[in-house]
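Pasting a structure here, questions to come.
Each value in this text was obtained by applying a stated rule to the coordinates, not by laboratory testing. If you're wondering where the values come from, they're calculated on a predicted model, not measured in any experiment. Backbone-built Cβ (ideal geometry, glycine too); neighbour counts: all protein chains shown.
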Amino acid sequence: MKSQLVAQRAMLSLGASILVYLSSVGCGPPEARTPNPLRSVDEGRALKLIARAFSAEGIQPTAPRWVSLSGNTKVRLDVGAEGRKLGVVYLTASDVHELGDNPLAKRSSTGSELIVRAGEGPDDGLRAVILYASDYVYDDNVGDDREASAITAENKLDRDVRDFIVIARKNHWP
């Protein structure tokens, strides 16, 4: 009788172990998801945000124009400052491609610091911040699967433009 009880307990224990094993086999880590596709803030939207940031800082934005920057680089100054030698260059993927092997085409930093280039030739004294569209990205997803929202990307763009203006004022750039 005692041996029968021991055998029954052993069978129950074995059965429980098999059940635990079988239930844990299906509970592995979830499959890795592919990252959400990201897109840059559209150039038209970015230029409106940049102009708005200039206006909020008391600077009248001006229309785009071509300028010469250090390193013999011709780029479009997307938003300039009325009566000042300041401006913003917003480089899209297409702009970067057109720059070819120009050093501006290769973003050497991590995206956290601002790149400011000086003007040369007829644009001597100009200071332009170079903003890369690839630094201002978001995904189109909604809900809990969102990785980066458009609001976050736009706020980062606004903050970077305002930081450039603060730097310009601190350094007394014309």
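Show log10 I(q)/I(0) for segment 38-170 at q = 0.16, 0.22 Å⁻¹, two decimals, from a solvent-free Debye sum over equal Cα scatterers.
-0.79, -1.43
Count the lysine pairs in segment 38-170 whose Cα atoms sit under 24 Å apart, keeping only pairs 8 or more residues apart in sequence or on different chains.
Taking segment 38-170 as the scope, the lysine pair count is 9.
Would you work out the relative contact order for segment 38-170, in percent, from Cα pairs under 8 angstrom that are 6 or more residues apart?
In percent, rounded to a whole number, it is 29.
So how do Thr152, Thr92 line up by other beta-carbon neighbours within 10 Å, fewest first? Spell out each step's value before the answer.
On the way: Thr152 14, Thr92 17.
Exposure proxy ranking, most exposed first: Thr152, Thr92.
Using Cβ contacts closer than 10 Å as the measure, can you line up His97, His172 from fewest to most? The partial results should precede the final answer.
Details: His97 10, His172 6.
Taking fewest neighbouring Cβ atoms as first place, the list is His172, His97.
Multiply the residue gap between Trp66 and Asp124 by 0.36 nm, knock off their C-alpha separation, and tell me the result in nm, one decimal place. It would help to have the intermediate numbers written out before the result.
Working: separation 58, 0.36 × 58 = 20.88 nm, distance 1.33 nm.
Stretched fully, the Trp66-Asp124 segment lengthens by 19.6 nm.
If you take the beta carbon distance between Ser149 and Ser94 as r and set R0 to 35 Å, what does 1/(1 + (r/R0)^6) give as a FRET efficiency, to the nearest 0.05?
Working: r = 24 Å, r/R0 = 0.69.
Efficiency computed from Cβ-Cβ geometry: 0.90.
So for the pair Glu113, Asp158, with labels modelled 7 Å out along Cα→Cβ, what separation do we get in nm?
Going from the Glu113 label point to the Asp158 one covers 2.7 nm.
Another question, if that's okay. Starting at the first residue of segment 60-75, write each ³J(HN,Hα) from the Karplus equation 6.51 cos²θ - 1.76 cosθ + 1.60 with θ = phi - 60°, in whole Hz, x for Gly and Pro.
Whole-Hz 3J(HN,Hα) from phi for segment 60-75: 6, x, 10, 5, x, 7, 7, 9, 9, 10, 3, x, 6, 10, 9, 9.
Using label points projected 7 Å from each Cα along Cα→Cβ, tell me how many nm separate Ser134 and Lys170, to one decimal.
Rounded to a tenth, the inter-label distance reads 2.7 nm.
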